[in-house]
1. Give all pairs with beta carbons closer than 6 Å in which a residue from the range A:44-70 that is closer than 18 Å to A:Ala144 by Cβ meets a residue that is small (Gly, Ala, Ser) and assigned to a helix (DSSP H, G or I); count only pairs at least 6 apart in sequence or on separate chains.
2. Checking the structure you have, find out if any residue of the range A:156-172 is part of a helix (DSSP H, G or I), at pLDDT below 85 and under 12 Å from the mean Cα position of the chain (by Cα).
3. Can you name every one of the helices (runs of 4 or more DSSP H) wholly within the range A:188-290 that holds 2 or more residues which are within 19 Å of the chain's Cα centre (by Cα) and at pLDDT below 85?
4. A:Met40 passes all but one of (1) touching a residue at least 60 places away in the same chain (Cβ under 8 Å); (2) outside the structural domain of A:Glu260 (by TED's automatic domain parsing); which number fails?
5. For the range A:281-317, how many residues meet the condition of being without any contact (Cβ under 8 Å) to a residue 12 or more places away in the chain and open to solvent by 60 Å² or more (accessible area, probe 1.4 Å)?
6. Is it the case that A:Thr320 is within 7 Å of chain B (Cβ to nearest Cβ), polar (S, T, N, Q), farther than 28 Å from A:Val143 by Cα and open to solvent by 30 Å² or more (accessible area, probe 1.4 Å)?
7. Which residue is nearest to the other protein chains (Cβ to nearest Cβ), if the candidates are limited to the range B:278-293 and must be closer than 15 Å to A:Thr327 by Cα and small (Gly, Ala, Ser)?
8. So which residues in the range B:34-87 are more than 18 Å from B:Leu100 (Cβ to Cβ) and of a type in the set (D, E, K, R)?
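The values are calculated or read from the model by the stated rules, or taken from the named source; none is laboratory data. Computed from a predicted model, the values in this text were never measured in an experiment. Glycine gets a Cβ as well: all are built from the backbone with ideal geometry, and neighbour counts include every protein chain shown. Surface accessibility is based on the protein's heavy atoms, side chains included, excluding ligands, DNA and RNA. Shrake-Rupley method; radii C 1.70, N 1.55, O 1.52, S 1.80 Å.
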There are 2 protein chains.
Amino acid sequence: MTASPSQASGTGSRAVPSTAETAAAIRAGDRRALARAITMIESTRPDHRAWAEDLMAELLPHTGKSVRIGISGVPGVGKSTFIETFGLHVIGQGHRIAVLAVDPSSQRTGGSILGDKTRMEELTRNHSAFIRPSPSGGTLGGVARRTREAMLACEAAGYDVVVVETVGVGQSETAVSDMVDLFMLLLLPGGGDELQGIKKGIVELADLIVVNKADGALVDAARHAVAEYRHALALLRQPSKDWKVPVLTCSAATGVGVPEVWETVGRYRATLAASGALDARRVEQARAWMWSEIAETLTDAFRRHPAVRADLPGAERAVTRGDATPTAAARGLLEKFLGNRTDG
Amino acid sequence: MTASPSQASGTGSRAVPSTAETAAAIRAGDRRALARAITMIESTRPDHRAWAEDLMAELLPHTGKSVRIGISGVPGVGKSTFIETFGLHVIGQGHRIAVLAVDPSSQRTGGSILGDKTRMEELTRNHSAFIRPSPSGGTLGGVARRTREAMLACEAAGYDVVVVETVGVGQSETAVSDMVDLFMLLLLPGGGDELQGIKKGIVELADLIVVNKADGALVDAARHAVAEYRHALALLRQPSKDWKVPVLTCSAATGVGVPEVWETVGRYRATLAASGALDARRVEQARAWMWSEIAETLTDAFRRHPAVRADLPGAERAVTRGDATPTAAARGLLEKFLGNRTDG
């Protein structure tokens, strides 16, 4: 099924091509078609959403063949420089790389993510790279869904390495680790202090830790930081039978250590593919994604229901003041929304 | 409002007293009334649920005055012995203690939680202690809700210390940390190896870590473990401005170190109360509890909807096989459930 919103309702002055045409163009490597498709994926307009959904159905058989890598790290860790150096190395190995961003809070955090494209100047110009800045605004769930679909579109376009970037300070890291094969955390050679900006629990999400800026005067500090992180991880993390989280050093500025990061990504993929853990992770991610979309849509519909909307502020106030149990407050609201279905 | 299900529908042969009578009896310290009320709280029968909800409304003004402590640790760490020694010490300080358990998977894990009451023989017999085994079966959400309400009932009964116990290997630790003021993790003096049974992320939930069995030949090992955990925590955890997670040792068998654990709990409470963080945590917990009940009920109603029920297996199969995007599959199911409301 192909949908084609009318010219008048399209994005800008161009006519929106059919999803079949777009899918064919994307698969043929047309970067503009890919960029336009992602714009439609990011749109919240119902006709755009329907178009994007049809497009995804067309692309889906051609997805799944990339290495999906999440990269997180606080501002200042040199994430953009790392992605530039890493991306150029990966391209040098014969791959094509797409870089996406998840950052629903970019306004608040200063929008450092991919906003400053000049930091990835060379990668941006490279024909084997596709760089897409963060969709602005929206809930984390919405942004995460759009990023997931953009990732699939990039796979259909033949990018066999997809990097999803986050700033490492918010909620989005869990969302990203739920959509990638490998979640990489970039750290500075500063020991524990530099983790202050990182949200609790994020270190535990990492499949690979890379201490960046291991150059010049910081080489020793980086080596020390690696030893400390290795020790702490061994102590605090449940060892997986498939994978022991490596802690590497690199210098995105000089390129030293970056090939080893890419080799480790390959080793990770091979290890998890051999044990079946990679497929299992992706299947579980797809299932979880479906359920999180269901839960989010149900909660949205609930919040928009007129009677719920009217009663919700009072109910929340009663609960937070201790005038009503959460159970009683929830049930009162749910009866408005579900009617007879509550006991069904 | 008071409800009183008829004698025929009561739990067993006794008539179910009114919620007003039960609330008065609970507040007067009638342990049987408390135990019966918790049985009603744990029931899934709609008339029992309604009765329990009315009871909670009556008790709510008299809740909130206890120290709520979550205690987690793998089987073998000496949890029951610790709770017995800790409980008797706390009672010796003039308090009354209630011990509840969250363990939806108790059948699978061998039911060690509170099943072996002989391990808490002295505490069980003490009139200042109230010990309630885990409600068996049910979803984690259901068990967590029931445990939360049982906790409130114990508070209304005048227990000013409530311990909620979990086995430390499943999902329930997050649920418990979401209902208590302080989450305590018990560890063995074995270093990192003994964390193998502990689920990823649980160490990061802990507000207090206690290395148990620091006695006899293990004193040195325990001291070494404490130093290692302290170091690892400092490195991997984001320091809170209110509280740096202490790592203590104790021997539940000899009692050495147990008073210090209780003192630390008190210091934690005082610190967080002074900064306002304690109230903020409880308010946020109540709000989150309401929303998790809403989400759970919505998802339940969704799953029970006849058309959803019919289509769900196919949709999940399509998603996990990669024949449909999670978004498309979710939307197909949601249209069955919400009808016109999807776009509303």
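1. Between residues of the range A:44-70 that are closer than 18 Å to A:Ala144 by Cβ and residues that are small (Gly, Ala, Ser) and assigned to a helix (DSSP H, G or I), the close pairs are A:Glu53/B:Ala328; A:Thr63/A:Ala156; A:Gly70/A:Ser177.
2. Yes, the range A:156-172 has at least one match.
3. Values: elements: A:202-205, A:219-236, A:258-275.
Helices (runs of 4 or more DSSP H) meeting the threshold: A:202-205.
4. Single failed check for A:Met40: (1).
5. Here the count works out to 10.
6. Numbers: within 7 Å of chain B (Cβ to nearest Cβ): yes; polar (S, T, N, Q): yes; farther than 28 Å from A:Val143 by Cα: yes; open to solvent by 30 Å² or more (accessible area, probe 1.4 Å): yes.
Yes, satisfied.
7. Here the answer is B:Ala286.
8. B:Arg45, B:Asp47, B:Arg49, B:Glu53, B:Asp54, B:Glu58, listed by residue number.
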